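Chemist: Would you mind keeping the following structure in view while I ask a few things?
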Amino acid sequence: MEQQLQQLKEEALTKIQEASTVKELNDVRVAYLGKKGPITDLLKGMGKLPAEERPKMGALVNVVRESVTESLEAKMMKLEEEAINAQLEKEAIDVTLPGRPAPTGNHHPLTRVVEEIEDFFISMGYEIAEGPEVEKDYYNFEALNLPKGHPARDMQDSFYISEEILLRTHTSPVQARTMEAKGGSAIKIICPGKVYRRDNDDATHSHQFTQIEGLVVGEDIRMSDLKGTLDLFAKKMFGAEREIRLRPSFFPFTEPSVEMDISCFKCGGDGCNVCKKTGWIEILGAGMVHPNVLKMAGYDPSVVTGFAFGMGPERIAMLKYGVEDIRHFYTNDVRFISQFHRTEA
Amino acid sequence: MLVSTKWLNEYVNINGINPADLAERITRSGIEVDSIIDRSLGMTNVVVGHVVECVKHPEADKLNICQVDVGDETTQIICGAPNVAQGQKVIVARPGAVLPGDFKIKKAKLRGEESNGMICSLQELGIEGKLVPKAYAEGIYVLPEDAVPGENALPLLGLDDTVLEFDLTPNRSDALSMLGVAYEVSAILSQGIALPEIDYPTASEKAEDLLKLRVDATVVNPMYVAKVVKNIKVAESPLWLQNALMASGVRPHNNVVDITNYVLLEYGQPLHAFDYDRLETGEIVVRHAEKGEVMTTLDDVERKLNSHNLVITNGKEPVALAGVMGGANSEVHDGTTTVVIESAYFAPSSVRRTSKEVGLRSDASTRFEKGVDPNRVQEAAERAAQLMAELAGGEVLAGSVIFDELDKTAERITISPDYINSRLGMKISMDEMLTILERLRIPTQAINGQLVIDAPTRRQDLKIREDIIEEIARMHGYDEIPKTLPVSESTPGGLTPYQAKRRIVRQFLEGAGLYQAVTYSLTSKAQAQAFALETAPVTELLMPMSEDRSVLRQSLIPHLLEAATYNVARRIDSVALYETGSVFLGEEEDGLPREVEHVSAVLTGKWVDHAWQAETKKVDFYVVKGIVEGMMDLLGLLEGLSFEKAVIDGMHPGRTAAVLLDGERIGMIGQIHPTEQKKRDLKETYVMELNLERILSAETDELLYVPVPRYPSISRDIALVVASGTSAGMLETIIRNAGGKLLKDVKLFDLYEGDKVEEGKKSLAFSMTYFDPERTLTDEEIVKAHEKVLKALTEEADAQLRG
């Protein structure tokens, strides 16, 4: 009987090895371990054995059964794995085919520049102030120390709606309105927006363009505060290694007035086509708020001072991204706008 | 302002300073130098020649064969200029010379005759044609007789010069004169300044013996000086004077006119010269013009005048438009012998107005407009008299004829050094401030620790303390200002809720696949009100530059459609653009239009395009509607949102809906009318326009957490057959109303119109979700609720269950 058992085991193990499908293997299981299988038969025939042999034989049968079961399971796992692999192989795809595009859209480059500037100044504690694009002559000019007939009005040829109403030529009227509304208290604002001037549209002029201005008013605001603020701004916007320089200039609403250059971000100051070989690029105009402007808005200029600055997002975008024609910003060619979808370093 | 460094050197010693360095220093301390012009333009081998012989070319009518003494030899040159003649001293470019425009001069043969160089016109030396004296405009330039053959012609013509072009800000009108520039440069370089010395002999006869003066308009003409010069010989000016004018961009005419222009450039004081005899009356009367009075100015244009125009008259008729241009009737001409020199102060606003009105901006008017130096009016007249004596053989009559009520006192400004330092954030010593003011030649006294300044009248821009702060700062150098930050209470910066939500709207639309556009606010009258959400008067420009940009828009759609057409024309078939911007409606009480921020979009072409998986879907109404719904959901406003069919001009009558928020119309979506599409070369195109201001300022419910359901919800689907015209929205409303509080959600999931339903009918399938947060619903309850829904549908919409 022992011999018979051994033979049975050999036979079963061989069949297990030979089985090549899950079904064949299941047949082997039923054939050897099933209720009608030889091993069950053997166990059933145990009763006929002498009592002292029964435990020994019982153990032997169990060992054989376990060994067959173990082998069956191992083979089953292998076959299942093979089946899965075969299935996966069938499911394989061409990973080099194009992906399904996620919807894309992006900011207009001017909005991108404006928001970048806004976010820097917000981090410095500024608020964003906005105002009407159709303005009163008073806020656009008079409150900014540009009375009627002032020669500096020539600097900005305007679109008038009536004698007293015009399309704002700069975002400065928002400053005048804010000062008037604040009734003498401190101010830290950034004013972005569209502005309009009588210019024929060409590569460098646009009758409509964008401006972003800043205004800080408070006690003891100094010109050095303006310089420090602009220096931080230049480094944030154009790179940590940027240097700034101030040049005297003139704006009716500031005194002293300056223009700010930054060291060229393309050549680092050695001179290239971007900076026209000077090493410097003009970025913005600024100055200390003119006492007349403060006075008109109800501040006492002997106590309260302030600084203001203003720049053109078009110019900044043109410099930063190498755009050669200002009209690109207003033709809304998708091939242009869509280039501004990615992040920058 | 063009500043010849050669001329400048007569007042300030700038020898040995590289023009580029000088320009940089001038720019850094206050006046922007726009460009540096080397007048020699790299020319060499340009010499004085003497035309010894000049005969016609036998083979060519228009050519002359000239024998020219060029110093070291006499050589043959063929010249085509009509004015070349024997005996002239001329400019010769010898072989090897390179003229502007990379024009290389070589030996050549012209119709068989050898030519060893070229006799030049001034244009050929790079001088603009409009600056060349008229006599030489069409031919070669003829040098004075005393020019020496063989000598370098460039210094003789003042072309060994560098000109700095100033880009002057309106405040620095002082630098509209060579003397003003000299003051500035001498301050920058800490150099001395040599002012012109005025000294000339006068006749015993007095000016007032010949000329009478009356000023009627004393407010706008508070000072008038006239000098009389007799026995003038009108001729060409000496070369140095012509050179100085041409370097400054002024065309030489004759000695009298050239002198007035020279003094204008030197002093910044415009002068005018009248022919005394042509004045006829021996009288000058300054008055306002009569309305409708007519005069012909020097440029031979007849001008109709207004009563606020100031005119100089001879007591009978205008002889000059004050401060703007002289009259043709009293112009100095070749035969003039007695000249009246006018030097006056005309009120800036008056000149400005007149010059703008008649469209004449002259060198004179630009200076008067900014206010000339009251203390130079008389001096400039004297300087001109001196030059007429020296250069035109004139005999200056004694004294001047003067009217003078002009205030010439200096502005006194008192300021403390502490105040200056506190405004700049610097520590400049009082001594240094005094040194700076001395360099600028601004008379200053130090009294009790204060700077007491008498601002010179030549510096019209120095009026208040801040002007002095600027003078100190710019001469001290802006590089010296430290970098600090405002010391103040720190304030939390940030966006307002409106601004923050606007950014979210933009991000949402971009995430949905739309690109942001920025279009113009100005549009044509025809487009102004197209697609407008409300009817309002149009805001019009007084003087538009073109009809296309003459009024303010009331909708963003027209320009977005233009952008779509632009892209489609460039074979970008699928366009999805949005814009946020203001529209301008009517007129409010204060005269300003109401500005309302809108958000709009245009979509055309494909919405989904994934070609290799055969997945493409065109943009349709529901794409746009989905965008609006998504946006409103993001803003917490979905609940109050509804759409209702609408008929709007320019829109497809069957595919347009008004967008409502809490029952109020806030915008519209839909397809552009096919005729409009065709007109704009567009295929099926959809738009939306919403009142963004209304949306972003709408109140929303607080965001509060709702417990995640603990009990299951149960879905029931129904397919209904209804009449084709029945709207899904109505069915949904019926279902919601009938479903009771157990009905949590209704979703349309199928729409069918076709063979399988009766003609005139369509089939819609809804999925309904029943749910109770407190417990699991029983079948019975659901059946009951569901039956109620079906009953309502049958009764109210004549709907049948689809078998």
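The values are calculated or read from the model by the stated rules, or taken from the named source; none is laboratory data. Quick caveat: nothing in here was measured; it's all calculated off a predicted structure. Here Cβ is always computed from backbone atoms with ideal geometry, including for glycine, and neighbour counts include all displayed protein chains. For the accessible areas, the whole protein counts, side chains as well, though only heavy atoms, and no ligand, DNA or RNA atoms are used. Shrake-Rupley method; radii C 1.70, N 1.55, O 1.52, S 1.80 Å.
Chemist: Give me the helices (runs of 4 or more DSSP H) completely within the range A:266-345, filtered to those with at least 1 residues that are under 27 Å from A:E255 (Cβ atoms), ordered by residue number.
Modeler: Values: elements: A:291-296, A:313-321, A:328-331, A:334-337.
By residue number, A:291-296, A:313-321.
Matching residues to (1) open to solvent by less than 10 Å² (accessible area, probe 1.4 Å); (2) assigned to a helix (DSSP H, G or I):
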{"residue": "B:V396", "(1), (2)": "yes, no"}
{"residue": "B:K427", "(1), (2)": "no, no"}
{"residue": "B:A446", "(1), (2)": "no, no"}
{"residue": "B:Q460", "(1), (2)": "no, no"}
{"residue": "B:A473", "(1), (2)": "yes, yes"}
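Chemist: Right, next: I need the full set of residues from the range B:513-535 which are away from chain A (no Cβ under 13 Å), touching a residue at least 12 places away in the same chain (Cβ under 8 Å) and either surrounded by fewer than 20 Cβ atoms within 10 Å (Cβ to Cβ) or among the polar types (S, T, N, Q) (or both), in order please.
Modeler: Initially, the range B:513-535 is screened for residues away from chain A (no Cβ under 13 Å), giving B:524-535.
Filter once more, so that each one left must be touching a residue at least 12 places away in the same chain (Cβ under 8 Å): B:524-525, B:527-534.
Hits for the range B:513-535 are B:S524, B:K525, B:Q527, B:Q529, B:A530, B:E534.
Chemist: Let me ask another. May I ask you to say which residue of B:L279, B:L321 is within 21 Å of B:R352 (Cβ to Cβ), hydrophobic (A, V, I, L, M, F, W, C) and not assigned by TED's automatic domain parsing to the domain that holds B:S173?
Modeler: Numbers: B:L279 fails: within 21 Å of B:R352 (Cβ to Cβ).
Within the list B:L279, B:L321, the selection yields B:L321.
Chemist: While we're on this one: Which residues, taken from the range A:228-266, are among the small types (G, A, S) and at the interface with chain B (Cβ under 9 Å from one of its Cβ atoms)?
Modeler: Matches in the range A:228-266: A:G228, A:S249, A:S257.
Chemist: Given the range A:117-198, what strands (runs of 3 or more DSSP E) lie entirely inside it while holding 1 or more residues that are open to solvent by less than 60 Å² (accessible area, probe 1.4 Å) and not hydrophobic (A, V, I, L, M, F, W, C)?
Modeler: Details: elements: A:134-136, A:165-167, A:187-196.
Fully inside the range A:117-198 and qualifying: A:134-136, A:187-196.
Chemist: Please determine, by comparing only the residues of the range B:82-105 that are small (G, A, S) and either assigned to a strand (DSSP E or B) or at pLDDT below 90 (or both), which one is farthest from B:E145 (Cα to Cα).
Modeler: Filtering the range B:82-105 for residues small (G, A, S) gives B:85, B:87, B:93, B:96-97, B:101.
Next, only the ones that are either assigned to a strand (DSSP E or B) or at pLDDT below 90 (or both) stay: B:93, B:101.
Details: B:A93: 19, B:G101: 29 Å.
Once the filter is applied, the top-ranked residue is B:G101.
Chemist: Scan the range B:412-425 and give yes if some residue there is small (G, A, S), open to solvent by 40 Å² or more (accessible area, probe 1.4 Å), assigned to a helix (DSSP H, G or I) and not assigned by TED's automatic domain parsing to the domain that holds B:Y345, otherwise no. If you could, list the steps in order and put the result at the bottom.
Modeler: Of all residues in the range B:412-425, those small (G, A, S) come to B:416, B:422, B:425.
Right, trim to open to solvent by 40 Å² or more (accessible area, probe 1.4 Å) and you get B:422.
From what's left, assigned to a helix (DSSP H, G or I): B:422.
Within this subset, residues satisfying the condition of being not assigned by TED's automatic domain parsing to the domain that holds B:Y345 are B:422.
Yes: the range B:412-425 contains one or more residues that are small (G, A, S), open to solvent by 40 Å² or more (accessible area, probe 1.4 Å), assigned to a helix (DSSP H, G or I) and not assigned by TED's automatic domain parsing to the domain that holds B:Y345.
Chemist: Can I ask one more? Can you confirm whether B:V487 is at pLDDT below 95, out of contact with any Leu (no Cβ under 6 Å at 6 or more places or on another chain) and surrounded by fewer than 19 Cβ atoms within 10 Å (Cβ to Cβ)?
Modeler: Details: at pLDDT below 95: yes; out of contact with any Leu (no Cβ under 6 Å at 6 or more places or on another chain): yes; surrounded by fewer than 19 Cβ atoms within 10 Å (Cβ to Cβ): yes.
Against the criterion (at pLDDT below 95, out of contact with any Leu (no Cβ under 6 Å at 6 or more places or on another chain) and surrounded by fewer than 19 Cβ atoms within 10 Å (Cβ to Cβ)), B:V487 qualifies.
Chemist: I've got another one for you. Take the residues of the range B:184-210 that are in contact with a helix residue (DSSP H, G or I) (Cβ under 7 Å, 6 or more places away or on another chain) and of a type in the set (S, T, Y): which is least open to solvent (accessible area, probe 1.4 Å)?
Modeler: Among them, the one singled out is B:Y200.
Chemist: Within the range B:429-444, how many residues turn out to be surrounded by fewer than 18 Cβ atoms within 10 Å (Cβ to Cβ) and not in a helix (DSSP H, G or I)?
Modeler: Start the filter on the range B:429-444 by keeping residues that are surrounded by fewer than 18 Cβ atoms within 10 Å (Cβ to Cβ), which leaves B:429-432, B:434-435, B:438-439, B:441, B:443.
Then drop every residue that is not not in a helix (DSSP H, G or I), which leaves B:429, B:441, B:443.
Residues meeting the conditions: 3.
Chemist: Separate question: With the condition kept exactly as written, say whether any residue in the range B:633-646 is without any contact (Cβ under 8 Å) to a residue 60 or more places away in the chain, within 30 Å of B:R571 (Cα to Cα) and open to solvent by less than 70 Å² (accessible area, probe 1.4 Å).
Modeler: No, every residue in the range B:633-646 fails to be without any contact (Cβ under 8 Å) to a residue 60 or more places away in the chain, within 30 Å of B:R571 (Cα to Cα) and open to solvent by less than 70 Å² (accessible area, probe 1.4 Å).
Chemist: I need every pair where a residue in the range B:467-484 that is more than 7 Å from every other protein chain (Cβ to nearest Cβ) has its Cβ under 7 Å from the Cβ of a residue that is of a type in the set (K, R), sequence separation at least 6 or different chains.
Modeler: B:M475/B:R439
Chemist: Inspect the range B:500-510 for any residue being open to solvent by less than 50 Å² (accessible area, probe 1.4 Å), within 7 Å of chain A (Cβ to nearest Cβ) and in contact with a helix residue (DSSP H, G or I) (Cβ under 6 Å, 6 or more places away or on another chain) and give the result as yes or no.
Modeler: Looking through the range B:500-510, none of the residues is open to solvent by less than 50 Å² (accessible area, probe 1.4 Å), within 7 Å of chain A (Cβ to nearest Cβ) and in contact with a helix residue (DSSP H, G or I) (Cβ under 6 Å, 6 or more places away or on another chain).
Chemist: Which of (1) open to solvent by 30 Å² or more (accessible area, probe 1.4 Å); (2) of a type outside the set (A, V, I, L, M, F, W, C); (3) modelled with pLDDT of 95 or more is the odd one out, the single condition B:G740 does not satisfy?
Modeler: (3)
Chemist: Taking A:G228 and the conditions (1) farther than 26 Å from B:R474 by Cα; (2) open to solvent by less than 10 Å² (accessible area, probe 1.4 Å), which numbered condition does it fall short on, given that it satisfies the others?
Modeler: A:G228 satisfies all of (1) farther than 26 Å from B:R474 by Cα; (2) open to solvent by less than 10 Å² (accessible area, probe 1.4 Å) except (1).
Chemist: Report whether or not B:I672 is of a type in the set (V, I, T), within 19 Å of B:S642 (Cβ to Cβ) and surrounded by 13 or more Cβ atoms within 10 Å (Cβ to Cβ).
Modeler: On the way: of a type in the set (V, I, T): yes; within 19 Å of B:S642 (Cβ to Cβ): no; surrounded by 13 or more Cβ atoms within 10 Å (Cβ to Cβ): yes.
Criteria not met by B:I672.
Chemist: In this structure, does A:T171 turn out to be closer than 18 Å to B:K483 by Cα and polar (S, T, N, Q)? Let's see the steps before the verdict.
Modeler: Numbers: closer than 18 Å to B:K483 by Cα: no; polar (S, T, N, Q): yes.
Answer is no for this residue.
Chemist: Also, I was wondering about something else. Has the range B:306-323 got at least one residue that is open to solvent by 10 Å² or more (accessible area, probe 1.4 Å), at pLDDT below 90 and either among the polar types (S, T, N, Q) or farther than 19 Å from B:L213 by Cβ (or both)?
Modeler: No: zero hits.
Chemist: Still on this structure, please answer the following. Tell me yes or no: at least one residue of the range B:677-693 is in a helix (DSSP H, G or I), more than 24 Å from B:I504 (Cα to Cα) and open to solvent by 80 Å² or more (accessible area, probe 1.4 Å). Write out each step before concluding.
Modeler: If we filter the range B:677-693 for residues that are in a helix (DSSP H, G or I), which is where we start, we get B:677-679, B:692-693.
Then keep just the ones that are more than 24 Å from B:I504 (Cα to Cα); that gives B:677-679.
So of that shortlist, the ones also open to solvent by 80 Å² or more (accessible area, probe 1.4 Å) come out as B:678-679.
Among the residues of the range B:677-693, at least one is in a helix (DSSP H, G or I), more than 24 Å from B:I504 (Cα to Cα) and open to solvent by 80 Å² or more (accessible area, probe 1.4 Å), which makes the answer yes.
Chemist: For the range A:292-341, how many residues meet the condition of being open to solvent by 60 Å² or more (accessible area, probe 1.4 Å) and within 13 Å of another protein chain (Cβ to nearest Cβ)?
Modeler: 8
Chemist: Do we find that B:V538 is surrounded by 17 or more Cβ atoms within 10 Å (Cβ to Cβ), more than 10 Å from every other protein chain (Cβ to nearest Cβ) and in a helix (DSSP H, G or I) in this structure?
Modeler: Values: surrounded by 17 or more Cβ atoms within 10 Å (Cβ to Cβ): yes; more than 10 Å from every other protein chain (Cβ to nearest Cβ): yes; in a helix (DSSP H, G or I): no.
Criteria not met by B:V538.
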